[in-house]
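Structure first, then comments.
The values are calculated or read from the model by the stated rules, or taken from the named source; none is laboratory data. Just so we're clear, the structure is a prediction, and the values are computed from it rather than from any experiment. Neighbour counts run over all protein chains shown; Cβ positions are idealised from the backbone, glycine included. Just the protein is used for accessible areas: all its heavy atoms, side chains included, with ligands, DNA and RNA removed. Shrake-Rupley method; radii C 1.70, N 1.55, O 1.52, S 1.80 Å.
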Amino acid sequence: MAMIKAVLATFLASLAVVGAWKLPKASSQQLSQAALLLALSAPLSTPAVAQDLSGEKIFNAQCSICHANGGNAVFGSLKKTLSLEALNTYGYGSKEGIASITTNGAGVMPRFGGKDDKPGVLATAEIDAVADYVWAKAQSGW
């Protein structure tokens, strides 16, 4: 929602500046003020998921396509589930191990963290929240 507000505010501000949008009851100054108000009400470049650092919500949005219920739906990697046994077997049996593979990727798993000063799909805090969630679920048997 915040991203939508920011995009809308930018769009309204640009229309008000160039005078491309003419409303009979709103001056360009009023449009500029409305756009500024919308822009200030939206956090700057904060993804919607980042506002709520729920590891479960982030996992469901980013990871569950391949790892629903702690499984692995990727052909050729079916044994590499998120069970505690599999995590330990493949060297990811800790929160730090889970955060590492989430950040850097491995094999067919893509990286979700940034690299070479480029932002990743997930911020470090989001990766840590996912790692906490996955580790807790693995320990409880999914």
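Quick one: if the Förster radius is 35 Å, what FRET efficiency do Asp116 and Asn60 give, using the C-beta to C-beta distance and rounding to 0.05? Given R0 = 35 Å and the Cβ-Cβ separation, E is 0.75.
The 3J(HN,Hα) values that the Karplus relation (6.51, -1.76, 1.60; θ = phi - 60°) gives for the range 134-142 are, in residue order, 4, 4, 5, 5, 5, 5, 8, x, 6 Hz. Gly and Pro appear as x. Between their Cα atoms, which of Lys79/Lys115; Lys57/Lys137; Lys115/Lys137; Lys80/Lys118 are more than 25 Å away from each other? Those over the limit are Lys79/Lys115; Lys115/Lys137; Lys80/Lys118. How large, in percent, is the carbon and sulfur part of the accessible surface of the range 44-142 at a probe radius of 1.4 Å? About 54 percent, which is the carbon plus sulfur part of the accessible surface.
Using C-alpha pairs below 8 Å separated by at least 6 residues, the relative contact order for the range 91-133 is 34 percent.
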